[in-house]
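The structure appears right after this line, and notes come after that.
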Amino acid sequence: MAAKLKTGDKVVVLAGKDKGREGVIQSVDPKAGKAVVEGINISIRHTKQSQNSQGGRLPKAMPMDLSNLAIVDPKEGGPTRVGFRVEDGKKVRYAKKSGEVIDA
């Protein structure tokens, strides 16, 4: 299946403790159906001190399900679904709310 959400996309959270917040996707795991969004779904990780790191309680963005994310419409600004169409012989993603092309 084609990737509707990719690394670097600006998304809004639809469900969960961070509902309504926006962030940029740092990484996507399509096999697990999860994505890590910068500043969203933060969890405290307790790490042991080592020669390379200080250790202690470090905040870390945890993966969240792709179904809880929606891409931000480039024209209108709200959440939108993603569709695919062919323009000039190239398959492109577009926002279904405004019809605007997401990636050229």
Under 9 Å between Cβ atoms, at least 6 apart or on separate chains: pull out the pairs that start in the stretch 37-58 with a residue that is free of Cβ contacts under 8 Å to residues at least 40 places away in the same chain and end on any residue that is among the small types (Gly, Ala, Ser) and assigned to a loop (DSSP other than H, G, I, E, B). 40/16; 41/16; 46/55; 47/53; 47/55; 48/55; 49/55
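Looking at the stretch 39-51, is at least one residue within 28 Å of residue 99 (Cβ to Cβ) and not β-branched (Val, Ile, Thr)? Can you show your working first?
Initially, the stretch 39-51 is screened for residues within 28 Å of residue 99 (Cβ to Cβ), giving 40.
Now narrow it down to the ones that are not β-branched (Val, Ile, Thr): none.
No: the stretch 39-51 contains no residue that is within 28 Å of residue 99 (Cβ to Cβ) and not β-branched (Val, Ile, Thr).
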Residue 26 meets each of (1) modelled with pLDDT under 95; (2) surrounded by fewer than 16 Cβ atoms within 10 Å (Cβ to Cβ) with one exception, condition (1)
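The values are calculated or read from the model by the stated rules, or taken from the named source; none is laboratory data. In this text, all values refer to a predicted model and were calculated from it rather than measured experimentally. Glycine gets a Cβ as well: all are built from the backbone with ideal geometry, and neighbour counts include every protein chain shown.
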